[in-house]
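A short reminder: the numbers here are calculations on the coordinates, not readings from a lab. If you're wondering where the values come from, they're calculated on a predicted model, not measured in any experiment. Quick reminder, even Gly has a Cβ in these numbers, built from the backbone with ideal geometry, and neighbours come from all protein chains shown.
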Amino acid sequence: MLGKGAQLPDGCKLGDGRVEYTFAEVGYACRFGEVVVELTHASQARAGDTETEYFAIAVIDGSPPESFTDWLAQRVYDREEDFEWLMPEAARETAKP
C-alpha cells in the first residue's frame, strides 16, 4: 500500500515505518532528503492533509517531490478496500461518516 516493490516518484525509496494504535508512520529516502508521512483514519484529518475514503495522509517531515503526495494518495486509494480499521466503540461514535 505504501510503495513496497513499486517505482516511486522522483527516485524516492521506501524506508522504515512503524504502526501505532491510531496511525502509521513511514519514511522515504528522496533525492533532497528524507520524507516522513503519517497515515491516520480519515476522521482524524487535519487542514492540509490529503484524504482518501479511509485515510488522511500528512507529510510530517521533509519536502516530498511535487508528484509524490498525489502518487501516494492514489496508491493508498487503490488498495484501501482491503484494509479494515478496527476502532473502539467510543472512537466510532466520534468518527465522521
Full-extension gain in nm, Y21 to E53, via 0.36 nm per residue minus C-alpha separation: 9.6 nm
Pairwise FRET efficiency - K13 versus S63, Cβ, R0 = 22 Å, nearest 0.05: 0.85
Length added when fully stretched, R31-D70, from 0.36 nm per residue minus Cα-Cα: 12.3 nm
